[in-house]
1. Being surrounded by fewer than 21 Cβ atoms within 10 Å (Cβ to Cβ) and under 30 Å from I392 (Cβ atoms) is the filter here; which residues of the stretch 440-460 pass it?
2. Identify, from the list I101, I116, the residue that is over 28 Å from A347 (Cβ atoms), of a type in the set (V, I, T) and modelled with pLDDT of 95 or more.
3. In the stretch 117-171, which residues are of a type in the set (G, A, S) and open to solvent by 20 Å² or more (accessible area, probe 1.4 Å)?
4. Residues that are touching a helix residue (DSSP H, G or I) at 6+ places or on another chain (Cβ under 7 Å) and either of a type outside the set (K, R) or more than 23 Å from L393 (Cβ to Cβ) (or both), at least 3 per element: which strands (runs of 3 or more DSSP E) completely within the stretch 176-251 meet that?
5. Mind checking whether some residue in the stretch 492-499 is within 17 Å of R549 (Cα to Cα), among the aliphatic types (A, V, I, L, M) and modelled with pLDDT of 95 or more?
6. Consider E547 carefully, then state whether it is modelled with pLDDT under 95 and out of contact with any Gly (no Cβ under 7 Å at 6 or more places or on another chain).
7. Is there a residue in the stretch 377-384 that is crowded, with 23+ Cβ neighbours inside 10 Å, touching a strand residue (DSSP E or B) at 6+ places or on another chain (Cβ under 8 Å) and either modelled with pLDDT under 95 or outside the structural domain of L86 (by the TED database) (or both)?
8. Any idea which of (1) part of a helix (DSSP H, G or I); (2) in contact with a Lys or Arg (Cβ under 6 Å, 6 or more places away or on another chain) is the one G516 doesn't satisfy?
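The values are calculated or read from the model by the stated rules, or taken from the named source; none is laboratory data. Because the structure is a prediction, the values reported are computed rather than measured. Using ideal geometry, Cβ is built from the backbone for each residue, glycine included, and neighbour counts are taken over all protein chains shown. Heads up: the accessible areas ignore ligands, DNA and RNA and are worked out on the full protein's heavy atoms, side chains in. Shrake-Rupley method; radii C 1.70, N 1.55, O 1.52, S 1.80 Å.
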Amino acid sequence: MLKSFSLIGKNITKNVSLSSSNKFLFGKNHQNMKSIYSSIRFFSSEQELPPRDSDQFDVVIVGAGPSGLSTAIRLKQLSEKAGKDLRVCVVEKGSEVGSHILSGAVMDPKALNELIPDWKEKGAPLITEVKQDKFYFLTENRSLRLPTPRLMHNEGNYIISLGNVVRWLGEQAESMGVEVYPSFAASEVLYHDNGAVRGIATNDMGIAKDGSLTSNFTRGMELNARLTIFAEGCRGSLTKGLFEKFNLRDECEPQTFGLGIKETWEIKPEKHQQGLVIHTLGYPLSDELLGGSFIYHAENNTVNLGLVVGLDYSNPYLNPYQEFQKLKLHPMVKDMLEGGTCIQYGARTINEGGFQSIPKLVFPGGALVGCTAGFVHVPKVKGSHYAMKTGILAAEAAFPQLISQQEKEQEQEQDKPSVEPLLINEYPEELKKSWVWKELREVRNYRPSLHWGTIPGLIYGALEMYIFRGHTPWTLSNGKPDNERLKPAAECKKIEYKKPDGQITFDLMTSVMRSGTNHEENQPIHLKVRDMEVAKKVNRDIYDGPEGRFCPAGVYEWVEGEKGEKELVRNSVFCLHCKTCDIKDPTQNIDFTVPEGGGGPKYGAM
């Protein structure tokens, strides 16, 4: 298991001491890190805020997911092959690598084959190969099996825990000298005077809810780099700021999203079919709702069950969590789950905009890889292989420039790294030659066609999949952003949901407990509401408080205040970091920012 170097309270000396057993984590520069961490001090609320300590890397990567770790591994592979040395750092806000990773997941291993060809010999946790695909259209009480669409066949793919795969990738990265730091939340992008990215800063820790500094206060660090790679996953908080600063979304369609809600169950052996993959459309979602469910039979009698709900829905009374509970009461699903045990629960947003929503990927001093840039194949319900491939391509484009700059500094006997920003334009150029670009372009019209309704969308999707195969001269628009699609509550019908039975369906707090979510309670609320009056006049008065329903963790509540009117309460301790509120809030009045490092869900083999 990767070691967590979280700087919390009195454990700092223990957590950052470099014993012989963990020096490898810091590569050849571990003494530099040791000197920095040993100088970190604690301050009371009466003391002036100190400057941040800093360290210099060749590459800093934000996010230890498939894209970030693939970038790091490829950089180290190229360094080793060329006989060069690059200092590569990966920071991860989760308590350990993999703790915030949530996906279905069925994995296409072709990017892994490119990155680590001998992954089987090295013990990668790809255990259950897909043996059978089934595709159903569900009504409330029936299931109609349909031919499995061409792009949803999974021969040669594996049912995995993406969290476990990411943990394994983290181990591979560390063994190559990559410095991996869980519990470090990147909270700020740093810039040179010329406007180029120069790195990131991690957030301060030990700040109380009222903004005062506790006795455990620890200043964040500045991690400077020649190149900073942002691999934050869907709706990255730093990436959102980069979109605006560098106008990265000026020439693409708005991104659209789905909310994926998932449980892992252990079911009776006689009901388990290891290697079976099921996808469904239809119930519990109505015709105007986009989405579908998945059921993946993994090893050890476990099943990954989930529902993806498109966040471009219009009825503010829709509750995605309750729609998921309805799915489990469908006869086909309920029969499978009866007598079983729910092990874990989680939720995460998914990019669904596809080809036409890919932003500009490079800017002075940095680049975007993986899901933070929107690389997901919607018909295949897959993105991890795209995340890995984009990380590989970014690393291959960056490496020659990194070495060239390094050698130039050595020739000129410079003591400090050059402030000349790297711009890796070769990355998007090579991406356009890759199978990622080809595949996404082929299916670019599938998702937007579903706005016509499920049946018309399926008919058009079949034409695209079997006849046109991406060669149509048109590209359909994704339309308005998800937050602009809600209708006023007065125009919509309230939706009544059944009470949970405690066996198959569960109340929300029971489910949240299964996510392992935990945050230090005495810290500033990381879910920022820009203007509470807007929340009242728009969210409460026009849309009847939709955040209380679209949040899959019960974070938001409208409760009776002292003046007799409802006030918005944020129970941020329950937050799953799914980013739904950041996406679906009608006026974009809510911003997800990172809490203290190490907070959030702790997904196991999800």
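1. Matches in the stretch 440-460: R441, E442, V443.
2. Of I101, I116, the one residue that is over 28 Å from A347 (Cβ atoms), of a type in the set (V, I, T) and modelled with pLDDT of 95 or more is I116.
3. G123, S143, G156
4. The strands (runs of 3 or more DSSP E) meeting that bar are 221-230.
5. Yes, some residue in the stretch 492-499 is within 17 Å of R549 (Cα to Cα), among the aliphatic types (A, V, I, L, M) and modelled with pLDDT of 95 or more.
6. No: the conditions fail for E547.
7. Within the stretch 377-384, one or more residues are crowded, with 23+ Cβ neighbours inside 10 Å, touching a strand residue (DSSP E or B) at 6+ places or on another chain (Cβ under 8 Å) and either modelled with pLDDT under 95 or outside the structural domain of L86 (by the TED database) (or both).
8. (1)
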